[in-house]
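**Q** I'd like to ask some things about the structure below.
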Amino acid sequence: MGIKNIFLFLVIPLFILVSCNQKKNTGETQTSPRVVQIPSFNADSAYFFVELQVKFGPRVPNTKSHHEAADYFAGQLKKSGAAVVTQDFDAITWDNRKVQLRNIIASYNPDAKKRILLAAHWDTRPYADKDTEKKDAPFDGANDGASGVGILLEISRLLGQGKLPSVGVDLILFDGEDWGEKEADKSKIPLPEGYEGWWCLGSQYWAKHKHKKNYSAYYGILLDMVGSKRAQFFREGVSLEFAPTVVEKVWSTASRLGYTDYFVKTNVGGIIDDHVYVNEMGKIPMIDIVHYQNGIGFFGDYHHSRKDNLSIISKETLGAVGTTLMNVVYFEE
Ligand SMILES: [Zn+2]
């Protein structure tokens, strides 16, 4: 860990003690050290939650796996002590299918005014259209969907067990993110009223129908494809446009924790993901932590193909992202 001046070292199960506000013996005014107890993120547990989602089968809307996974998420979040709200709604996809979708929102410290929003999409794309064969087959979505949700479920488990942070925390599992147009086939129908794109249907719905009247958050962090081996996260364009200070906060926290191999301080272009609609329609500054391959671009070769299965998932990557998020949230005052 890249932290100097640890004043106190105690071994407490489940907690690590971190001191901030570094003191230097230079005769300057000294600030008292701030000690924050942060439950340690368990990467094995996060991996377990990813594996469990894959076992449900592809979480494609209108399938049994999708229904079962949704029920499991709501139950697990409640079991972890969260106040849970579900939003059921119907939507039309680009290929003119009517799908039943469900956003799941879990809140901690519901009365706290200052709130941090953490989100990921939980649905799986219905077809592996970037695969070299079987382009119409569904796929596991171990990284595209399950990795971000796995990290959020582990954070929820920890929030349910230990001391809560000073701020309120809302976890949102968005549905219907990944049923967007194929590169080779565009929509022949007009966008339904209230929608600005075929991707991210759940976040667009939520941004216009928030789970709580006048809900807002201090900022939001979206996770998408955050679990593959040796993944790297570059500073994404839409995040930099809407929430540059949040980008700075997250990347410098990761750097303090020694995760510079994962969180690369290089700016890249923007992408369409749930954060676009939370920013534009929902008016909450939100960043996206999303896999970017240096020299290639966003995501990896597993993207929207059957390669997106458990074999590409790394506990180390899940741990780096989860630990960074826990630090960001717990250092918030
Ligand atoms: Zn996707």
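The values are calculated or read from the model by the stated rules, or taken from the named source; none is laboratory data. None of these values were measured; they are calculated from a predicted model. Virtual Cβ from ideal backbone geometry, glycine too; neighbours counted across all protein chains shown.
**Q** Do we have T260 as free of Cβ contacts under 8 Å to residues at least 24 places away in the same chain and either under 24 Å from A217 (Cβ atoms) or away from the ligand (no atom under 16 Å from the Cβ) (or both) here? If you could, list the steps in order and put the result at the bottom.
**A** Values: free of Cβ contacts under 8 Å to residues at least 24 places away in the same chain: yes; either under 24 Å from A217 (Cβ atoms) or away from the ligand (no atom under 16 Å from the Cβ) (or both): yes.
Taking the combined requirement at face value, the residue satisfies it.
**Q** Which of the strands (runs of 3 or more DSSP E) contained wholly in region 230-306 include at least 2 residues that are in contact with a helix residue (DSSP H, G or I) (Cβ under 7 Å, 6 or more places away or on another chain) and over 25 Å from L171 (Cβ atoms)?
**A** Details: elements: 233-235, 263-267, 286-290.
By residue number, 263-267.
**Q** Same structure again: From the list L223, L158, L173, exactly one residue is surrounded by 15 or more Cβ atoms within 10 Å (Cβ to Cβ), at pLDDT 95 or above, under 19 Å from L52 (Cβ atoms) and more than 16 Å from the ligand (Cβ to nearest atom). Which is it?
**A** Only one candidate passes the filter, namely L158.
**Q** Continuing with the same structure: Consider N143 carefully, then state whether it is among the polar types (S, T, N, Q) and either away from the ligand (no atom under 16 Å from the Cβ) or free of Cβ contacts under 8 Å to residues at least 24 places away in the same chain (or both).
**A** Working: among the polar types (S, T, N, Q): yes; either away from the ligand (no atom under 16 Å from the Cβ) or free of Cβ contacts under 8 Å to residues at least 24 places away in the same chain (or both): no.
In short, no.
**Q** Filter region 306-324 down to the residues that are of a type in the set (A, V, I, L, M, F, W, C) and within 11 Å of Y262 (Cβ to Cβ), then identify the one that is surrounded by the fewest Cβ atoms within 10 Å (Cβ to Cβ). Step through it out loud before you land on a result.
**A** Initially, region 306-324 is screened for residues of a type in the set (A, V, I, L, M, F, W, C), giving 310, 312-313, 318, 320-321.
Adding the requirement that they be within 11 Å of Y262 (Cβ to Cβ) leaves 318, 320-321.
Details: L318: 28, A320: 24, V321: 28.
By that ranking, first place goes to A320.
**Q** Further question: Please determine whether any residue of region 148-155 is among the small types (G, A, S), over 18 Å from H275 (Cα atoms) and out of contact with any strand residue (DSSP E or B) (no Cβ under 7 Å at 6 or more places or on another chain).
**A** Within region 148-155, the subset among the small types (G, A, S) is 148, 150.
With the extra rule that they be over 18 Å from H275 (Cα atoms), the set shrinks to 150.
Those still in the list that are out of contact with any strand residue (DSSP E or B) (no Cβ under 7 Å at 6 or more places or on another chain) too: 150.
Yes, region 148-155 has at least one match.
**Q** Then there's this: Given (1) among the acidic types (D, E); (2) under 20 Å from D178 (Cβ atoms); (3) surrounded by fewer than 21 Cβ atoms within 10 Å (Cβ to Cβ), identify the lone condition not met by D111.
**A** Answer for D111: the failing condition is (2).
**Q** How many residues are touching a Phe, Trp or Tyr at 6+ places or on another chain (Cβ under 8 Å) and not in a loop (DSSP other than H, G, I, E, B) if we restrict to region 172-205?
**A** Adding up the residues that qualify gives 9.
**Q** Checking H211 against (1) at negative phi; (2) within 16 Å of the ligand (Cβ to nearest atom), which single condition isn't satisfied?
**A** Answer for H211: the failing condition is (2).
**Q** Taking region 106-129, which residues are aliphatic (A, V, I, L, M), within 16 Å of D274 (Cβ to Cβ) and within 16 Å of the ligand (Cβ to nearest atom)?
**A** Matches in region 106-129: A119, A120.
**Q** Checking the structure you have, find out if any residue of region 111-133 is among the β-branched types (V, I, T) and within 13 Å of the chain's Cα centre (by Cα). Working first, answer last.
**A** Residues of region 111-133 among the β-branched types (V, I, T): 116, 124, 132.
Among the residues that remain, those that are also within 13 Å of the chain's Cα centre (by Cα) are: 116.
Scanning region 111-133 turns up at least one residue that is among the β-branched types (V, I, T) and within 13 Å of the chain's Cα centre (by Cα).
**Q** Also, quick follow-up: Which residue, of V85, V149, V99, is crowded, with 22+ Cβ neighbours inside 10 Å and in contact (Cβ under 8 Å) with a residue 24 or more places away in the chain?
**A** Details: V85 fails: crowded, with 22+ Cβ neighbours inside 10 Å; V99 fails: crowded, with 22+ Cβ neighbours inside 10 Å.
Being crowded, with 22+ Cβ neighbours inside 10 Å and in contact (Cβ under 8 Å) with a residue 24 or more places away in the chain holds for just one of V85, V149, V99, which is V149.
**Q** Going residue by residue through region 16-25, is there one that turns out to be more than 18 Å from the chain's Cα centre (by Cα), of a type in the set (D, E, K, R) and modelled with pLDDT of 95 or more? If you could, list the steps in order and put the result at the bottom.
**A** Step one: of region 16-25, the residues more than 18 Å from the chain's Cα centre (by Cα) are 16-25.
Next, from what is left, pick out any that are of a type in the set (D, E, K, R): 23-24.
From what is left, the residues that are modelled with pLDDT of 95 or more are none.
Looking through region 16-25, none of the residues is more than 18 Å from the chain's Cα centre (by Cα), of a type in the set (D, E, K, R) and modelled with pLDDT of 95 or more.
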